[in-house]
Amino acid sequence: MSSMFLARRLVTRCFSSRPPLHVCIVGSGPAGFYTADKLLKAHEGARIDIIDRLPTPFGLVRSGVAPDHPETKIAINQFSRVAQHNRCAFYGNVKLGSDLSLSELRDLYHVVVLAYGAESDKNLGIPGESLGGIYSAREFVWWYNGHPDYSSLKPDLKSSDTAVILGQGNVALDVARILLRPTTELASTDIATHALSALEESSIRKVYLVGRRGPVQAALTAKELREILGIKNLHIRIKETDLTVTPADEEEMKNSRARKRIYELLSKAAAGTSKGDCDQRELHFVFFRQPERFLESDESKGRVSGVNLEKTILESGGSGKQIAVGTGEFEDINCSMVLKAIGYKSVPIDGLPFDHKKGIVPNVRGRVVSGDISQTEPGLYVCGWLKRGPVGIIATNLYCAEETVGSISQDIEEEEEGVVGKSEKAGRKGLVQLLENKMVKKVDFSGWEKIDAKEKQMGIERNKPREKLVTWEDLLAASSADS
Ligand code: NAP
């Protein structure tokens, strides 16, 4: 039975004479908003509150998507309609784990859906990782996107002409593109002004994009690869020897057109010639190298001066996957900045089951499980990167939300006492009261609309879609300004 059909039946069966279903969604990124949208449509009795630790909604769409990808941000229109629905409310500046606990939230709501994403980073665990000049890609992305936690990062873009990016996924491509794209092309985007100014003065001309596996295994996608290869005055360098394919690579390409296409694009780019422009920038794709340790500068103690890399070869890792193994041969790349783009990581909170190895909340189709997988936590669900790990594009969350909402609907149907039961929950009223008692200054959607209007107004003055407010103080002040 489809989840939509099931849900429709529930609407008429369960909620016509029942108290409303109070739902709280934690996290207002794509996973949170798609879950809210689907729940609103599936359950006419549902009252949904979306909370977020930031005063601004939309999660990764606002602080993750690159400023030169405005088309991806169109999802905000749909999310705004959801937030303005008469059965939905947004409360920003409310942090689960410090402003309120998970058990308080579960006491207030029949259903709690955790969709707060992945706000930390995987670590390499190699010597020198804490040296100055080494940043996670997330920190760098949050910096150029004006996230209030990282607007004062001040990455070192001036000590040399070289930056190394570790990892070859789409986040690596995003940060490489921002470092290499002419700033005249970024000026008309919603990039934070502090970042644009720093990039305008940047000395970085060479970017090394380092992958531990080969061109056939690079985690990036063809569309994003084509985009970076097309940057004006950008010379692409790829070693001929790195393009040699083995029978195992051939097999991988036979099984995946996407892999084949990426390999072809890289091979074609490698054959291109330098245009010899004086402001030429270089992007070096470096394959079969894994980071061994970071090198410390002699002149500038505590700062990175390079990366020591171990050459790798690929071996079968089972089920058709090839994995990188070190060869014991090493080489250095000198640089003054390193961006680790090896993946995001979710953060656990008190009272929440968490699989530290996978970096996710253990779940079965979105139902949070503790200990034994047959033990589900009543009324507690998960969606997005916190549910399945930090992979996938915005639209992936549509399917992810559908699955979680399907589980919620099914649980209501099958186990009425367990999830919704006959118990009345305080829902929004209780949340608002609790936040008031705790003196938490929540920002509702109209507060966000004030921020939005101010940013757009400031953007007009600079010929950009918006000029982001980048500090907590400015965001909170704008959210409560007289209109
Ligand atoms: P990702 O696609 O998983 O790529 C991670 C990269 O880091 C891979 O090259 C991986 O190599 C490497 N890596 C991981 N651990 C490593 C280690 N210990 N040492 C060396 N290298 C290591 O992750 P992401 O780039 O953070 O992207 C996250 C998701 O967001 C992806 O699904 C991505 O497509 C999506 N995204 C999409 C867009 C877009 O559509 N424009 C933009 C940004 C992000 P291995 O392959 O060898 O593991």
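Brief remarks on what is shown
- Residue check for Phe354: more than 20 Å from the chain's Cα centre (by Cα) and aromatic (Phe, Trp, Tyr): no
- Of everything listed in (1) in contact with a helix residue (DSSP H, G or I) (Cβ under 9 Å, 6 or more places away or on another chain); (2) assigned to a helix (DSSP H, G or I); (3) away from the ligand (no atom under 12 Å from the Cβ), the single unmet condition for Leu173 is (3).
- Exactly one residue out of Gly97, Gly92 is within 19 Å of Ser151 (Cβ to Cβ) and out of contact with any Cys (no Cβ under 7 Å at 6 or more places or on another chain): that is Gly92.
- Note on segment 320-343: among residues that are open to solvent by 30 Å² or more (accessible area, probe 1.4 Å) and among the small types (Gly, Ala, Ser), the one that is farthest from Ala118 (Cα to Cα) is Gly328.
- Condition met for Gly351 (open to solvent by 40 Å² or more (accessible area, probe 1.4 Å), away from the ligand (no atom under 16 Å from the Cβ) and either in a helix (DSSP H, G or I) or without any contact (Cβ under 8 Å) to a residue 60 or more places away in the chain (or both)): no
- Selection from segment 24-55 of residues that are out of contact with any Lys or Arg (no Cβ under 6 Å at 6 or more places or on another chain) and either assigned to a loop (DSSP other than H, G, I, E, B) or polar (S, T, N, Q) (or both): Gly27, Ser28, Gly29, Thr35, His43, Glu44, Gly45, Asp52, Leu54, Pro55
- From the options Ser316, Ser346, residue that is of a type outside the set (Lys, Arg) and open to solvent by less than 30 Å² (accessible area, probe 1.4 Å): Ser346
- Total residues in segment 84-125, condition surrounded by fewer than 18 Cβ atoms within 10 Å (Cβ to Cβ) and assigned to a helix (DSSP H, G or I): 3
- Taking every residue in segment 392-414 that is closer than 17 Å to Ile25 by Cβ and in contact (Cβ under 8 Å) with a residue 40 or more places away in the chain and pairing it with any residue that is among the small types (Gly, Ala, Ser) and within 16 Å of the ligand (Cβ to nearest atom), at least 6 positions away or on another chain, the pairs with Cβ-Cβ distances below 7 Å are Ile394/Ala75; Asn397/Ala31; Asn397/Gly384; Cys400/Ala31; Cys400/Gly384; Ala401/Ala31.
- Residue match in segment 154-162 (condition: open to solvent by less than 10 Å² (accessible area, probe 1.4 Å) and under 17 Å from the mean Cα position of the chain (by Cα)): no
- Filter result for the condition that a residue is over 21 Å from the mean Cα position of the chain (by Cα) and more than 13 Å from the ligand (Cβ to nearest atom), over Tyr109, Tyr91, Tyr135: Tyr109
- Members of segment 138-170 found to be in a loop (DSSP other than H, G, I, E, B), more than 14 Å from the ligand (Cβ to nearest atom) and under 26 Å from Leu309 (Cβ atoms), listed by number: Leu153, Pro155, Asp156, Leu157, Lys158, Ser159, Ser160, Asp161
- The criterion of at least 3 residues that are within 14 Å of the ligand (Cβ to nearest atom) is met, among helices (runs of 4 or more DSSP H) falling completely within segment 196-283, by 222-229, 257-271.
- Count of residues meeting criterion [on the phi > 0 side of the Ramachandran plot and part of a helix (DSSP H, G or I)] in segment 426-469: 1
- Leu314 vs. criteria under 30 Å from Ser202 (Cα atoms), in contact with a strand residue (DSSP E or B) (Cβ under 7 Å, 6 or more places away or on another chain) and in a strand (DSSP E or B): no
- Answer residue from segment 439-464, given it is open to solvent by 80 Å² or more (accessible area, probe 1.4 Å) and touching a residue at least 24 places away in the same chain (Cβ under 8 Å) and is nearest to Gly97 (Cα to Cα) among those: Lys441
- Residue list for segment 370-407, filter: among the aliphatic types (A, V, I, L, M), away from the ligand (no atom under 16 Å from the Cβ) and at pLDDT 95 or above: Leu380, Val382, Ala401, Val405
- Taken over segment 56-77, residues that are outside any loop (DSSP other than H, G, I, E, B) and in contact (Cβ under 8 Å) with a residue 12 or more places away in the chain amount to 10.
- Scanning segment 176-195 for residues that are hydroxyl-bearing (Ser, Thr, Tyr) and either away from the ligand (no atom under 16 Å from the Cβ) or crowded, with 22+ Cβ neighbours inside 10 Å (or both) returns Thr183, Thr184, Ser188, Thr193.
- Residue within segment 112-121 that is in contact with a Pro (Cβ under 6 Å, 6 or more places away or on another chain) and within 16 Å of the ligand (Cβ to nearest atom) present: yes
- Just one of the listed residues (Val141, Val61, Val111) is in contact with a Leu (Cβ under 7 Å, 6 or more places away or on another chain), at pLDDT 95 or above and of a type in the set (Val, Ile, Thr), namely Val111.
- Top-ranked residue in segment 252-308 [being among the acidic types (Asp, Glu) and surrounded by fewer than 13 Cβ atoms within 10 Å (Cβ to Cβ); ranked as modelled with the lowest pLDDT]: Asp277
The values are calculated or read from the model by the stated rules, or taken from the named source; none is laboratory data. None of these values were measured; they are calculated from a predicted model. Positions of Cβ are generated from backbone atoms using ideal geometry, with glycine treated the same way; all protein chains shown enter the neighbour counts. Only protein heavy atoms, including side chains, enter the accessible area calculation; ligands, DNA and RNA are left aside. Shrake-Rupley method; radii C 1.70, N 1.55, O 1.52, S 1.80 Å.
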